[in-house]
Amino acid sequence: MSQLQRHLRDRLLDALQGLGLSRTDAEPMLRLEPPKNREHGDVALGAFQLAKAMGKAPPALAAELAAAIAPDATVAAAVAAGPFVNFRFQRAALARDVLTDILQNAAPYGPAAKSKEVVCIDFSSPNIAKPFHIGHMRSTVIGTSLCRIHRHLGATVHGINHLGDWGMPFAKMMTAYMHWGDETELQKAPMRYMFDLYKRYSKEAKDNPALDDEAAKHFQALESGDDNKERRMWQFLRDESLKAFQGPYERLSVTFDAITGESFFEDKMEDAMQRVAKKGILETSEGAEVVTLKEQGIATPCLLRKSDGTTLYHTRDLAAVFYRESTYHPTRILYIVGAEQKLHFDQLKGVLVKMKEPIAAAVEHVPFGLVLSKNDEGKWEKFASRSGNAVFLDEILDEAVRKVTKVIAEKNPDLEDKDRIAEQVGVAAIVFNDLKNSRIKDVKFDWETMLNFEGETGPYVSYACARLSSILRKSEQSVPAIDKVDFSQLADAEKVLLVMLDFGTAVQRAAEQSEPSIVTAHTIALAGEIHSYLRDHHVLGAEPAVRDARLLLVEAARRLLVTGLSLLGITPPERM
RNA sequence: GCGCCCAUAGCUCAGUUGGAUAGAGCACCGGAUUUCUAAUCCGGCGGUCCCAGGUUCGAAUCCUGGUGGGCGUGCCA
């Protein structure tokens with residue numbers, strides 16, 4: 001919360017106390033929000049809850065509050081409008097407060113002081129020996145963004161790549177290799193080659209179920225812990241995969257604090273099983289070991305050991321929860337995993353609840369929608385499913401970069417360092433598009449819309465940054481010192497300033513709801529307001545006092561856009 | 001069958017947890033450049049908030065029942 005907002009709250013709490021409501025009672029009901037129509041005021045208070053608590057009619061209370069808040073150096077006006085009280089800040093105070101905080105990198109615009117929150121974020125988690133395709137992108141970019149948002153708010157964050165490097169999919173791959181594989185081909189281009197083998201396996205396994213039995217045997221051999229051919233192959237493919245994933249991760253500016261994949265829990269699963277068994281909730285059903293969760297309204301039991309003795313996804317996730325609990329002591333564990341796996345996490349949490357483990361409360365599935373593309377009939381369908389072909393993320397990023405290169409050739413042919421900027425803007429466009437809507441919504445991936453860089457898009461916000469940078473560059477002076485600026489010159493910038501004022505709440509809400517799109521929306525709003533402002537308010541041509549004040553505004557807007565984008569994992573260019 | 005999710009302008013979506021006259025972008029139409037980047041800006045057009053009940057001072061938002069679409073539903077992840 002900014003100084004400005006704190007000041008207003010304080011005065012309101014005083015006023016309410018004067019009207020007979022204690023500060024502690026009033027505090028939680030004092031929800032200041034931007035009015036629907038900004039012409040009403042800068043912030044508004046709906047007096048409904050407060051009035052109820054005080055046994056008054058909302059319009060009456062609103063009138064009393066408005067009367068009790070006399071203008072001061074910060075608050076310009078408090079006006080009752082029916083059950084609402086609308087407040088206006090003094091223009092100079094608004095500008096000074098917001099711009100000072102931004103330029104001094106004070107919270108909420110800069111990082112907050114360390115809090116007690118410890119957040120584990122389990123994200124990206126691709127399967128080894130498979131291409132990094134479009135389907136992995138959502139978890140990766142949402143997860144990265146949430147890591148950055150929580151860090152910004154002062155939490156200790158552990159970003160974890162729970163690599164899919166164990167289990168049946170990998171065993172199937174191995175089976176394919178043992179049937180049709182060729183060592184020299186494999187060494188030449190391991191990822192490509194393994195993917196082709198995997199496709200062949202999927203096709204052949206449909207007519208030949210014996211392949212799956214074979215795969216199960218290989219998995220057993222791998223899980224035996226012996227140093228055998230299965231283990232050596234696993235090691236080789238894991239190393240190659242990590243190397244291959246590095247490419248997309250670098251392009252998306254993604255880093256992890258831990259890469260503890262499923263295999264990491266290989267020697268920790270027995271302990272986890274023991275813990276479950278000790279609680280007396282483990283049952284044997286059809287040869288498998290399960291925990292039933294009917295009493296929690298979950299119809300399907302959670303399988304923890306297959307009838308052939310091997311473990312499952314759930315077993316490893318359970319071991320991972322215990323490991324994270326004792327290693328990190330997290331207050332929240334977020335799983336950035338597609339909505340289609342909701343049942344899996346309900347079951348995981350259900351087992352922990354049945355075990356009466358307090359950590360259960362920290363476990364939180366953060367689901368998101370699918371990536372869809374249009375099929376030949378113009379209907380939306382799952383992207384990767386088209387003729388079994390995965391779409392490589394690199395290809396999509398390349399396509400966006402190509403398109404940006406073309407636009408640069410049209411709009412700004414003299415631009416230096418075109419390739420680097422095209423990469424920056426193109427990747428930003430894709431990431432921005434992914435983080436634009438609520439995560440539960442499916443991403444409709446349509447090349448035409450995707451590569452139309454007009455309107456509310458990554459390039460739109462990037463472009464705003466570039467324009468602002470350009471003005472600062474051309475000013476040929478450093479940004480004026482804050483105490484030298486006459487903030488009353490920025491009375492015409494109220495719309496920009498009010499959006500800036502919303503930043504803190506936006507980031508806060510994004511963290512609470514695990515919803516980066518709230519931050520995305522804020523960057524769009526800020527870019528929009530500053531674009532509009534610049535049309536009618538020239539900076540460099542203005543007289544000195546005005547010019548200085550506007551330069552400060554421009555620098556603050558640029559910095560806040562850069563901060564907002566950085567919370568999304570995007571770095572905007574200085575020119576474009 | 002059962003469970004979960006989604007449904008708001010022609011299209012893609014917001015709507016700050018129940019509040020003021022439901023907002024953007026795209027598309028379409030019209031306009032803005034001797035001045036800091038027109039990847040921009042300004043204006044116009046466009047609504048049975050899926051349907052039917054209910055809760056209350058007040059519902060796009062909460063509840064119940066439908067409809068349509070998606071996802072999931074014990075030895076994959």
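For the reader, a short list of remarks on this structure follows.
- Here A:Arg275 passes the criteria (1) within 26 Å of the chain's Cα centre (by Cα); (2) surrounded by fewer than 17 Cβ atoms within 10 Å (Cβ to Cβ) except the one numbered (1).
- Residues in the range A:242-299 that are under 30 Å from A:Asp419 (Cβ atoms) and touching a helix residue (DSSP H, G or I) at 6+ places or on another chain (Cβ under 7 Å): A:Ala244, A:Gly247, A:Pro248, A:Arg251, A:Leu252, A:Val254.
- Considered as a group, the residues in the range A:514-546 that are at pLDDT 95 or above and of a type in the set (D, E, K, R) include one that is surrounded by the fewest Cβ atoms within 10 Å (Cβ to Cβ), and that residue is A:Glu529.
- Residue list for the range A:47-95, filter: under 18 Å from A:Pro34 (Cα atoms) and of a type in the set (Gly, Ala, Ser): A:Ala47, A:Ala62, A:Ala66, A:Ala76, A:Ala77, A:Ala78, A:Ala80, A:Ala81, A:Gly82, A:Ala93, A:Ala95
- Long-range neighbours under 6 Å by Cβ, at least six apart or interchain, first residue at negative phi within the range A:234-259, second buried (at least 17 other Cβ atoms within 10 Å of the Cβ) and of a type in the set (S, T, N, Q): A:Val254/A:Thr140; A:Val254/A:Thr144; A:Phe256/A:Asn161; A:Ile259/A:Asn161
- Pairs, first closer than 12 Å to A:Phe84 by Cα in the range A:27-38, second among the acidic types (Asp, Glu) and within 11 Å of RNA strand B (Cβ to nearest atom), C-beta under 7 Å, six or more apart: A:Pro34/A:Asp502
- Residues considered: A:Gln477, A:Gln489. Of these, the only one that is more than 7 Å from RNA strand B (Cβ to nearest atom), farther than 30 Å from A:Pro367 by Cβ and either without any contact (Cβ under 8 Å) to a residue 24 or more places away in the chain or not in a helix (DSSP H, G or I) (or both) is A:Gln477.
- Considering the range A:105-202, the qualifying helices (runs of 4 or more DSSP H), each wholly inside and each with 3 or more residues that are over 19 Å from A:Glu230 (Cα atoms), run over A:134-152.
- Residue tally, condition surrounded by 15 or more Cβ atoms within 10 Å (Cβ to Cβ) and touching a strand residue (DSSP E or B) at 6+ places or on another chain (Cβ under 8 Å), over the range A:98-119: 3
- When A:Phe445 is tested against (1) near RNA strand B (Cβ under 6 Å from one of its atoms); (2) buried (at least 18 other Cβ atoms within 10 Å of the Cβ); (3) farther than 25 Å from A:Val554 by Cβ, just one condition goes unmet, and that condition is (1).
- Within the range A:534-576, the set of residues being of a type in the set (A, V, I, L, M, F, W, C) and under 29 Å from A:Gly143 (Cβ atoms) comprises A:Ala557, A:Leu560, A:Leu561, A:Val562, A:Leu565, A:Leu567, A:Leu568, A:Ile570, A:Met576.
- Filtered residues of the range A:206-216 (kept if away from RNA strand B (no atom under 12 Å from the Cβ) and part of a helix (DSSP H, G or I)): A:Lys206, A:Asp207, A:Ala210, A:Leu211, A:Glu214
- Condition check for A:Arg559: assigned to a helix (DSSP H, G or I) and either among the charged types (D, E, K, R) or touching a Lys or Arg at 6+ places or on another chain (Cβ under 7 Å) (or both): yes
- Among the residues of the range A:442-462, those that are under 20 Å from A:Arg138 (Cβ atoms) and at pLDDT below 85 comprise A:Phe445, A:Asp446, A:Trp447, A:Thr449, A:Met450, A:Leu451.
Residue-by-condition table, conditions (1) within 8 Å of RNA strand B (Cβ to nearest atom); (2) touching a residue at least 60 places away in the same chain (Cβ under 8 Å); (3) surrounded by fewer than 17 Cβ atoms within 10 Å (Cβ to Cβ):
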{"position": "A:Leu4", "(1), (2), (3)": "no, yes, no"}
{"position": "A:His7", "(1), (2), (3)": "no, yes, no"}
{"position": "A:Gln17", "(1), (2), (3)": "no, no, yes"}
{"position": "A:Gly46", "(1), (2), (3)": "yes, no, no"}
{"position": "A:Gly55", "(1), (2), (3)": "no, no, yes"}
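- A:Val79 vs. criteria modelled with pLDDT of 90 or more, within 9 Å of RNA strand B (Cβ to nearest atom) and in the same structural domain as A:Asp10 (by TED's automatic domain parsing): yes
- Across the range A:158-170, the qualifying residues are those that are surrounded by 24 or more Cβ atoms within 10 Å (Cβ to Cβ) and of a type in the set (A, V, I, L, M, F, W, C), and the one among them that is nearest to the chain's Cα centre (by Cα) is A:Ile160.
- Checked against the criterion of being among the charged types (D, E, K, R), closer than 25 Å to A:Asp122 by Cβ, within 14 Å of RNA strand B (Cβ to nearest atom) and outside the structural domain of A:Ala466 (by TED's automatic domain parsing), the candidates A:Glu377, A:Glu357, A:Glu364 yield just one match: A:Glu364.
- Top-ranked residue of the range A:417-440 - restricted to ones that are more than 19 Å from A:Ala527 (Cα to Cα) and under 14 Å from the mean Cα position of the chain (by Cα), ranked as farthest from RNA strand B (Cβ to nearest atom): A:Arg439
So that you can scan it fast, the table gives a plain yes or no per residue for (1) within 12 Å of RNA strand B (Cβ to nearest atom); (2) of a type in the set (Asp, Glu); (3) surrounded by fewer than 17 Cβ atoms within 10 Å (Cβ to Cβ); (4) part of a helix (DSSP H, G or I):
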position	(1), (2), (3), (4)
A:Arg473	yes, no, yes, yes
A:Asp483	no, yes, yes, yes
A:Ala493	yes, no, no, yes
A:Ala510	yes, no, no, yes
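- Leading residue by the ranking (nearest to the chain's Cα centre (by Cα)) among those in the range A:86-108 that are of a type in the set (D, E, K, R) and under 23 Å from A:Gly154 (Cβ atoms): A:Asp101
- Filter result for A:Ile524 (assigned to a helix (DSSP H, G or I), over 20 Å from the mean Cα position of the chain (by Cα) and touching a residue at least 60 places away in the same chain (Cβ under 8 Å)): no
- All positions within the range A:175-185 that are surrounded by 19 or more Cβ atoms within 10 Å (Cβ to Cβ) and without any contact (Cβ under 8 Å) to a residue 40 or more places away in the chain: A:Ala176
- Criterion: in contact with a strand residue (DSSP E or B) (Cβ under 6 Å, 6 or more places away or on another chain) and within 30 Å of A:Met269 (Cα to Cα) - qualifying residue of A:Pro169, A:Pro209: A:Pro169
The values are calculated or read from the model by the stated rules, or taken from the named source; none is laboratory data. Note that this is a predicted model, so its numbers are computed, not measured. Cβ coordinates were reconstructed from backbone atoms using ideal geometry, including for glycine residues, and neighbour counts include every protein chain displayed.
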